[in-house]
1. Collect the residues in the stretch 180-233 that are assigned to a strand (DSSP E or B), closer than 17 Å to Val244 by Cα and of a type in the set (Gly, Ala, Ser), keeping them in residue-number order.
2. Would you confirm whether or not the stretch 184-202 contains a residue that is in the same structural domain as Tyr142 (by TED's automatic domain parsing), among the small types (Gly, Ala, Ser), more than 20 Å from Thr106 (Cα to Cα) and touching a residue at least 12 places away in the same chain (Cβ under 8 Å)?
3. Only one residue in Cys207, Cys143 is farther than 17 Å from Ala114 by Cβ, among the hydrophobic types (A, V, I, L, M, F, W, C) and touching a His at 6+ places or on another chain (Cβ under 9 Å). Which one?
4. Residues that are more than 30 Å from Ile205 (Cβ to Cβ): find the strands (runs of 3 or more DSSP E) completely inside the stretch 30-113 holding 1 or more of those.
5. Is there any pair with a first residue in the stretch 112-132 that is within 30 Å of Glu156 (Cα to Cα) and modelled with pLDDT of 90 or more and a second that is in a loop (DSSP other than H, G, I, E, B) and not small (Gly, Ala, Ser) whose Cβ atoms are under 6 Å apart and which are 6 or more apart or on different chains, and what are they?
6. Would you tally the residues in the stretch 15-70 being more than 22 Å from Lys137 (Cα to Cα) and among the acidic types (Asp, Glu)?
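The values are calculated or read from the model by the stated rules, or taken from the named source; none is laboratory data. Only a predicted model underlies this, so the values are computations on that prediction, with no experimental measurement involved. Note that we place each Cβ from the backbone using ideal geometry, even for glycine, and neighbour counts take in every protein chain shown.
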Amino acid sequence: MGGEQATVAGDGTIGKACDVLDQVAAFARPVRFAELLESSNFPKATLYRFLQTLTNQGMLSYDPDRQTYTPGLRLVRLAHAAWTQSSLAPIARPFLDALSRETGETVHLAQLDAGQVLYVDKRNAAQPVEMFSQAGKVGPAYCTGVGKAMMAYLDEDARNKALSQQSYHRFTDKTLASEGALRADLDLIRDRGYAVDDEEHEPGIICIACPILTSTSRMLGAISVTGSTERMDFDQLETWVPRVRRVAEQIGTEAQAWRFPETRPNAINDRMQVT
């Protein structure tokens, strides 16, 4: 189904309900039952039952006049809590503001979600350019600067899993459309410390991106500065790499101190054994 993540085996009813929420949200507009049914893997009665339950719980909202479903206010409250408590956005905000003012270009903050890029914040350029990315939107990781910067700094198991979750659809002539090509690029990114998007996702859009890491190199997210080939080239854009890297380090330090502290591997088990 469009934009929907497949339910993990064993997730049962909750996983299926989450699939329905994903499906409604993916339309990015009020959606009718017939539209949902057309792209759903569930039988008509099952889909209707999930929609009724989710509406009753406030996770979806139903407009009886237009006969459409939209995300509900309870879901909005939960999303706001997640943005505040789990995302890098609140911590990164002042750093993004300063970087945006300094460069005059578009600045993105992203985290990795099931092998895909979740844009959690964005600052528009002084001269905005139309592009795919928006805060709250999910995009491909294999052909975006932030996506590649994040995958390059995953541990081996997590990287292999993320690579298996890519579609490798060719968006432009420059898209890295195979796992082998992407692996080679990720190795290069590790060597030089930053990633680039050379019109790999959208024609005319280029960017540099740096990972946001903790002091032990745990990957938390990535930031990027994005420009248009109409007014700059990579030589100009890459002059910002030292500044972007410094901002990423600052965000990583703040995030580790306040939101994502490092813990010993057995810390949770140790606490559970305390009586």
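1. Result: Ala195, Ala209, Gly221, Ala222, Ser224, Gly227.
2. Taking every residue of the stretch 184-202 in turn, at least one turns out to be in the same structural domain as Tyr142 (by TED's automatic domain parsing), among the small types (Gly, Ala, Ser), more than 20 Å from Thr106 (Cα to Cα) and touching a residue at least 12 places away in the same chain (Cβ under 8 Å).
3. Cys207 is the lone residue from the list that is farther than 17 Å from Ala114 by Cβ, among the hydrophobic types (A, V, I, L, M, F, W, C) and touching a His at 6+ places or on another chain (Cβ under 9 Å).
4. Fully inside the stretch 30-113 and qualifying: 60-63, 68-71.
5. Pairs found: Gly115/Gln165; Val117/Thr144; Tyr119/Lys137.
6. 3
Table: residues versus (1) of a type in the set (Gly, Ala, Ser); (2) at pLDDT below 95; (3) assigned by TED's automatic domain parsing to the domain that holds Lys137; (4) surrounded by 17 or more Cβ atoms within 10 Å (Cβ to Cβ).
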{"residue": "Leu21", "(1), (2), (3), (4)": "no, yes, no, yes"}
{"residue": "Pro30", "(1), (2), (3), (4)": "no, yes, no, no"}
{"residue": "Thr46", "(1), (2), (3), (4)": "no, yes, no, no"}
{"residue": "Gly58", "(1), (2), (3), (4)": "yes, yes, no, no"}
{"residue": "Arg66", "(1), (2), (3), (4)": "no, yes, no, no"}
